[in-house]
Structures are given as structure tokens and as C-alpha cells.
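Participant: Would you mind keeping the following structure in view while I ask a few things?
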């Protein structure tokens, strides 16, 4: 499939419908997705608490592209392509660690934490170290969360920074720690994984555990059957000085919303899972702050913990899902929280979604598959995808995804 064929497939897409089959399973289409979407979007890469001291690093992949996050001697977190400037070998394997310098395992080229080349043994006399530092990746840090973009000219970021700093400030992520990380390979195209994660049409039937606390039956703007529930929540948040939203653009959305009546946290019984809350206001009973980045992530920050979800494409029918749970840095495992209980709800939900997405992929691969209308009224305003019904922000992920070149509104 060449670019003409790809454009033709994009042009086949009908608003309000699922996508043409090739967009879910074709190898050339997958490569296009990586270059046009993942290679040009802001991505949520991790948390500053994962890089607690000088020399701390985190190595991750965006699709097949290795990226390295490092805290340098000044305390600044930097992002680089995890590729030696000599023969291109990866400097660090995936995961986290700490090192005073970055040393290539192949020929021992050694880099300072700011990415500059410190030494390259046995190179010619006219070799200039200054010309061979690591290639930097654009990076932004907002309230303890790290974002990267591989594009030379990333989408505008200031509106996102302004709104998210206000929403995230009460959660004090600078004083958090990662309590658990879970990875899951889903044998489905990344768009099926994300479409599943962006709609709650399936939630009531497929996620009974999540439905105990998450308002799966609420309509847009969280209009509950009990009309006073949302009003009481909004009044209480205003009294506590906590902003609600909704805010967003075509590549991100955020809102603070109430959990189901009587529920204080996203857990199996709706009760807090961590004795040491992350949010001081309201004794941690603040509902959930949910924010999402297109194309790959969302997070729920409740009063006692934070849950983060990321979907990174591996191949046309394979996606790596990474889940992280954050708690207050002073919370002690076995005393303030039980790790198994902390991860139970979202692990259960992720496994249910894995089965749904993989089943969806198998059906999409059928010669009998044809795009069909998507439910016209999303459960929540951020789930609008291709329906164009999200309030305030008419440009939706599927619409912007099909643009050439891809542009975003500030």
C-alpha cells in the first residue's frame, strides 16, 4: 500500500462509523500511523518521581523507537533518542535505573547526563566530540508528569500546561511514588484498543466491577439520575477550591467528576485503598480527575491514588498496554496500602478490555466486516471520537487523525 492507497483508505472513512478494514490490520497503514500520529503527537512518557535523583533514567519505546529520559546534574529531566551516535546501538535497556554517565554497551562511547559526548576511544584526531552528542527529544514537565514529542515542530503546549497545572496541583504528584507497574500485550490494533478505552457503551455489561464506582450510566456532562448528586459535588469542589473543567483541545481532554453516590475512590468497594491520601482537600474525597491524550493514554487521579494507562503500538495487530499506580511517597506498602488490593480493579478491567479488543480484532479481520455506525450519543463528552458531539471541542481524534498534514487548534 503506497501513500495514494493510504489516502484513498482515509477518504473512505465515513463520519460516525467504524473505520475501513485496512486501517485496523494493514502493515503499511500501521507504519503510516506511527509516522503521522505517534511521531507527531505529545505523548505521556512517565512521572518525575520515577527519576528521583541525578543519574536516574527511564528507557521506553514509542512503537519500535527507543527513547531515554534522564535527570541530569542540574536536576533537569531530559529526553533523548536512545541510540548511540556511533553505530546506533541502544544505550540503556527498557526499564529504569541510575548511572553517573551513559555508556554504550557496544563500543563504550560515553555520554554525560546532558547528552554531550564525553569520550570516544581511538577515534581520529580530527574527530569532534561536540558534534556527536545524543539527539534530543522535545520534552515538557507539568505538575510531575513527563510529556515528549518526537516531532521537530510539536503541537502548541501552553494551553495544556495552563489548564493541567491548575487541575493537578491538589494531587501533589511531586511527592508521589510508583507503587506498581503492569504490562499487558493485547493482540489488537492500537486503534481498537484506544476506541475501546474511549467509549463506555460497553462498560455496564462488560465491567461490573468498575461500574460500582465509575458512573457508567451517566450521560454527557455527568447528568445522573439523581439530579442533586452532581450539583452537590460541584458545590463541594468549589468550596474546596478544586477546578472541575471540562477543558481540552482536539488532542487532550480533562475533567474532574463525581464517582457514584457514596463512593470515595475507584476500588472494588468504593472505599480508599491508601491510608495516606494524595489530596489533602476534603480528606481525599474529591471524585476523579481524568485526563486523556490522543492517541495513547488516560489517567484517573482520585484522592488516595492515581492510575495511568498507556497503549503503545507494536505491530498492526499488537499493542503494549502499560499500567501504573501512584501513591503518596510516604505511604508504606503493607501498612498504608495492600498492593494486590490497589491494583485489583484496574487489572480486572484491563483483562476484560484485552478480551474485548482481541475479539474485536478477529471480527474486523473477517471478509464479512464492513464499517457500521457508532453509537451516536457517547456516555461521556470525551468519548465522542468520530461523532463530533463533544462539547466545546468539536475537533475529535478521528477527524484530526485523518487530516493531512495533521494540524491542531490552539
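The values are calculated or read from the model by the stated rules, or taken from the named source; none is laboratory data. The shown structure was predicted, so the numbers you read here are calculated from the model rather than taken from an experiment. So basically every Cβ, Gly included, is an ideal-geometry build from the backbone, and we count neighbours across all protein chains shown.
Participant: Only residues that are surrounded by 14 or more Cβ atoms within 10 Å (Cβ to Cβ) and part of a helix (DSSP H, G or I): list them for the range 133-168, please.
Facilitator: The answer is 159, 160, 161, 163, 164, 166, 167, 168.
Yes/no matrix, rows are residues, columns are (1) crowded, with 22+ Cβ neighbours inside 10 Å; (2) part of a strand (DSSP E or B); (3) touching a residue at least 24 places away in the same chain (Cβ under 8 Å):
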residue	(1), (2), (3)
292	yes, yes, yes
303	yes, no, yes
308	no, yes, yes
311	yes, yes, yes
322	no, yes, yes
326	yes, yes, yes
330	no, no, yes
341	no, no, yes
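Participant: Further, regarding this structure: Sort out which residues of the range 1-11 are crowded, with 18+ Cβ neighbours inside 10 Å and in contact (Cβ under 8 Å) with a residue 60 or more places away in the chain, and write them in order of number.
Facilitator: Passing the criteria: only 10.
Participant: Same structure, new question: Taking only the range 12-24 into account, find how many residues are in a helix (DSSP H, G or I) and crowded, with 18+ Cβ neighbours inside 10 Å.
Facilitator: The initial filter retains those residues of the range 12-24 that are in a helix (DSSP H, G or I), namely 12, 22-24.
Still in the list and also crowded, with 18+ Cβ neighbours inside 10 Å: 22-24.
Going through the range 12-24 one residue at a time, the tally reaches 3.
Participant: How many of the residues in the range 212-244 are within 21 Å of residue 305 (Cα to Cα) and at pLDDT below 90?
Facilitator: Looking only at that region, the number is 2.
Participant: Moving to a separate point now. Which of the residues that make up the range 273-287 are closer than 21 Å to residue 162 by Cβ and modelled with pLDDT of 95 or more?
Facilitator: 279, 286
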